[in-house]
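The values are calculated or read from the model by the stated rules, or taken from the named source; none is laboratory data. All of these numbers come straight from a predicted model, not from anything done at the bench. Here Cβ is always computed from backbone atoms with ideal geometry, including for glycine, and neighbour counts include all displayed protein chains. Just the protein is used for accessible areas: all its heavy atoms, side chains included, with ligands, DNA and RNA removed. Shrake-Rupley method; radii C 1.70, N 1.55, O 1.52, S 1.80 Å.
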Amino acid sequence: MDFSLTTEQRQIQEMVAEFADEEIKPRAAEIDETDEFPWDLVDEMAELGLMGMPIPEEYGGAGLDYHSYAMALEEISRGSGGLGTIVAAHISLACNMVYDFGDEDQKSEYLTPLAEGEEIGAFALSEAGAGSDVPSMETTAEKEGEEYVINGDKLWISNGSVADTVIVFAKTDPDAGGKGISSFIVRPEEDDGFIVEGTEHKLGDKGCPTAELRFDNLTVHEDRRLGEEGRGLVQALKTLNGGRITIAARGVGIAQAALDEALTYSQDREQFDQPVSDFQAIQHKLADMDTKVQAARMLMHKAADKKMRGESYVKDAAQAKLYASEVSREVANEGIQIHGGYGYTKDFPAERFYRDAKLNEIYEGTSEILRNTIADELLD
């Protein structure tokens, strides 16, 4: 690994950091309070080429390497955890599914508007009874001639209520377990039978709608199937593996935001006639927080580096996501402690960082599942 940034990577990081400081951070509290999808910020990010960062230019993307993508998502998440999820679910899950497994016609018709930011994508895998246990899903896609009829429910779908394209996983062979799952491109505005049952009232991650979806005899042509029948689980696992790098980036961004706020507050807040940053107990907290952030960031870049080299990065992505997720919560928790009573109020962003950080340990692979994955790789 080369630990120095190229000129292009540095320029991208600086550009997104400036956008986060000037446009996202001033809106973060409002987004958290209203829980409304920030369409204007998404439109601005589309103009900057941030809604299709790692997708090749021929399909409407910016053609960025994964280091640049991870750093950009870190900066976006530093501004708003919810906005970080919006972008990660849109690119890492929806866009990458079409790019990795779609044919040229599908990429031209569906990927290009997603990568250009003209449309929003979502990834519908989880169900009420099938979170970590994906093969137990009950949504079905029954073949009738040249069409599939989809019936079932999906839960916890980021961007699900606002998406123009939703990648839906369903069983085409209910008796084949994980080998009977296939994936489909669904268009909510075009396909009858796509129903948004509602959105969740969440602890954090505000601004990104987490939807419950229902499919009632929703019919799609076979040209909307991604790849071969029965390959859906393999596709999902590969996509989630890459997505874990960007969830690690979200964790690093939130942790960095919590550290930045704690550092500033500790220097401004005075007790016993001196800034609280003069006290060794606070200095040790800040030192530990920064060390954890730096370590999480390096794990994130290690996984990105292996992905870019075409090497196996299953363990690396799992470790990056696991560590960055737990670090984001730990650093956010210490940020509250440094703020004291003020950290427990909405007058300061410290409590928001904690609420946004917790989600990292749950979605796109719980910390428990990731530990299983890491152990499997070690023992293989």
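Residue-wise test of (1) more than 13 Å from Ala258 (Cα to Cα); (2) open to solvent by less than 40 Å² (accessible area, probe 1.4 Å); (3) part of a helix (DSSP H, G or I).
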site	(1), (2), (3)
Met298	yes, no, yes
Asp316	yes, yes, yes
Leu322	yes, yes, yes
Val327	no, yes, yes
Asn333	no, no, yes
Ile336	no, yes, yes
Asp347	yes, no, no
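Mind counting the residues in the range 196-248 that are open to solvent by less than 10 Å² (accessible area, probe 1.4 Å) and not in a helix (DSSP H, G or I)?
Adding up the residues that qualify gives 10.
Output the residues belonging to the range 18-61 that are buried (at least 16 other Cβ atoms within 10 Å of the Cβ) and either without any contact (Cβ under 8 Å) to a residue 12 or more places away in the chain or of a type in the set (Val, Ile, Thr) (or both).
Residues satisfying the conditions are Ile24, Ile31, Val42, Ile55.
Could you check, for the range 283-296, whether at least one of its residues is β-branched (Val, Ile, Thr), in a helix (DSSP H, G or I), in contact (Cβ under 8 Å) with a residue 12 or more places away in the chain and in the same structural domain as Ile362 (by the TED database)?
yes
Look through Gly131, Gly193 and report the one residue that is surrounded by fewer than 21 Cβ atoms within 10 Å (Cβ to Cβ) and at pLDDT below 95.
Just one listed residue meets the conditions, Gly131.
Take the residues of the range 59-118 that are outside any helix (DSSP H, G or I) and of a type in the set (A, V, I, L, M, F, W, C): which is farthest from Leu5 (Cα to Cα)?
Per the stated criteria, the residue is Ala62.
State whether the residues of the range 250-257 include one that is out of contact with any strand residue (DSSP E or B) (no Cβ under 6 Å at 6 or more places or on another chain), surrounded by fewer than 24 Cβ atoms within 10 Å (Cβ to Cβ) and assigned by the TED database to the domain that holds Gly343.
yes
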